[in-house]
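Data first, discussion second: the structure below is written as structure tokens.
FYI, it's all coordinate maths here, none of it is from the lab. Nothing here was measured: the structure is a model prediction, and the numbers come from that model. FYI the Cβ positions are ideal-geometry reconstructions off the backbone, even for glycines, and counts take in every protein chain you see.
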Amino acid sequence: DTGVSQNPRHKITKRGQNVTFRCDPISEHNRLYWYRQTLGQGPEFLTYFQNEAQLEKSRLLSDRFSAERPKGSFSTLEIQRTEQGDSAMYLCASSLYSLNEKLFFGSGTQLSVL
Amino acid sequence: SQQGEEDPQALSIQEGENATMNCSYKTSINNLQWYRQNSGRGLVHLILIRSNEREKHSGRLRVTLDTSKKSSSLLITASRAADTASYFCAGDDKIIFGKGTRLHILP
């Protein structure tokens, strides 16, 4: 257990529905990352926060995706109007930003869009 | 971005043998990190090497870094079945991963 918690662990939804995932990072960590990973591929960077500020969003993150970290603690990732292509593992990671930044990952949320 | 690209994409070796995988990156880094991912799980940090270091050891892991070639290698000695996993490298600052090396240890 890395101390990063993601919920739910699995999510099955129908195409067109909205879904929201939650990530609780290690409490003193100021950076939080979201990645998406499909089978056989590496984690694709989606976005990251430093405290409550969203510093960068990948071009992969379409307008249907939104992420928040309202108080610089937990974060949510919402996908609106889900599509089958959104099916993937969504990984969250946190770190204490420094020159020797190490990421601590959660176990991920596996999303299946039917 | 500090994206790492791992090579080979897949590697199968006998238990007890050494496994070597490589990483190339494109831009200057302060450090380079290696992570392991077991199937269906999140990534786990293995080792970090700073840009002013050339080699680093941690247990059965040995990492080298050549900043002039923008490359790194990860050596796992005396491999075990539990080493079967995917391995990823990444530079610092908005950590971005490549596709990884899938290592399979044969009994």
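At-a-glance table
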| read-out | value |
| --- | --- |
| Computed E for A:THR38/B:ILE13 - FRET, C-beta separation, R0 22 angstrom, nearest 0.05 | 0.25 |
| Footprinting exposure proxy for A:PHE74, A:PHE21, B:PHE97 (fewest neighbouring C-beta atoms within 10 Å first) | A:PHE74, A:PHE21, B:PHE97 |
| Sorted by Cβ neighbour density within 10 Å, fewest at the top, the residues B:SER39, A:SER112 | B:SER39, A:SER112 |
| Extension gain (nm, one decimal) between A:GLN17 and A:ARG59, 0.36 nm per residue minus Cα-Cα | 12.9 nm |
| For chain B, with +1 on Lys and Arg beta carbons and -1 on Asp and Glu, the positive-most of B:ALA78, B:GLN37, B:PRO8 along the dipole | B:GLN37 |
| Neighbour-limited loop hits for GluC sites (Glu not before Pro), segment B:11-107 (at most 16 other Cβ within 10 Å; DSSP other than H, G, I, E, B) | B:GLU15, B:GLU17, B:GLU53 |
| Gyration tensor verdict on the protein assembly as shown (Cα atoms; rounded if a/c is under 1.5, prolate if a/b is larger than b/c, oblate otherwise) | prolate |
| Relative contact order computed over chain A (Cα-Cα under 8 Å; 6+ residues apart), in percent | 37 |
| Nearest-20 debye value, the protein assembly as shown charge dipole, Cβ charges on Lys, Arg, Asp, Glu | 280 |
| Assigned charges on the beta-carbon of Lys, Arg, Asp, Glu; chain B dipole about Cα centre (debye) | 140 |
| Inter-probe distance in nm under a simple model that places probes 7 Å from Cα toward Cβ, at B:SER68 and B:ASN22 | 1.7 |
| Förster radius 25 Å - calculated FRET efficiency between A:GLU28 and B:ASN30 (Cβ-Cβ, nearest 0.05) | 0.70 |
| Shielding by other protein chains, A:101-107, mean Cβ within 10 Å | 6 |
| Dipole magnitude (debye, nearest 20) for chain A, charges at Cβ of Lys, Arg, Asp, Glu | 320 |
| Shielding score for A:36-42, defined as the mean number of other chain Cβ atoms within 10 Å | 5 |
| Burial ordering of A:ARG36, B:ARG62, A:ARG59, fewest other beta-carbon atoms within 10 Å first | A:ARG59, B:ARG62, A:ARG36 |
| Chain B: relative contact order as a whole-number percent, Cα under 8 Å and 6+ apart | 41 |
